[in-house]
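Take a look at the structure below.
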Amino acid sequence: MWLRVTMDNKPMMINGDLVLKIVERPGGEGHRGCHVYLSLTEYLVVDQSLREMMISLGFEDRQ
């Protein structure tokens, strides 16, 4: 499965089979985005929120 995301407003695709975990980006209010971990130490910072990622993966429904 491929995930369509943006990094720095540039579209890209991530192979979902390589994703270890997805977590909210640290920093609290005003910071949008999340970290997509490919290993325990390597991650990508994407522009989508954690909720948007869960919707694209099919874990939540759009409202």
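The values are calculated or read from the model by the stated rules, or taken from the named source; none is laboratory data. What you are looking at is a predicted structure, and each value in this text was computed from that prediction instead of being measured. Because the Cβ atoms are built from the backbone with ideal geometry, glycine has one as well, and the counts that use them run over all protein chains shown. For the accessible areas, the whole protein counts, side chains as well, though only heavy atoms, and no ligand, DNA or RNA atoms are used. Shrake-Rupley method; radii C 1.70, N 1.55, O 1.52, S 1.80 Å.
Kindly evaluate ASP47 against the criterion of being acidic (Asp, Glu) and exposed (fewer than 10 other Cβ atoms within 10 Å of the Cβ).
no
Would you mention how many residues in segment 26-44 are under 16 Å from ASN9 (Cα atoms) and either open to solvent by 70 Å² or more (accessible area, probe 1.4 Å) or of a type in the set (Gly, Ala, Ser) (or both)?
Matching residues across segment 26-44 total 3.
Residues to consider are SER49, SER56, SER39; find the one that is among the hydroxyl-bearing types (Ser, Thr, Tyr) and within 9 Å of the chain's Cα centre (by Cα).
Of SER49, SER56, SER39, the one residue that is among the hydroxyl-bearing types (Ser, Thr, Tyr) and within 9 Å of the chain's Cα centre (by Cα) is SER49.
Check whether at least one residue in segment 9-17 is modelled with pLDDT of 90 or more, open to solvent by 40 Å² or more (accessible area, probe 1.4 Å) and in contact with a helix residue (DSSP H, G or I) (Cβ under 6 Å, 6 or more places away or on another chain), and report yes or no.
no
Can you tell me which of (1) modelled with pLDDT under 85; (2) in contact with a Lys or Arg (Cβ under 7 Å, 6 or more places away or on another chain) is the one TYR37 doesn't meet?
(1)
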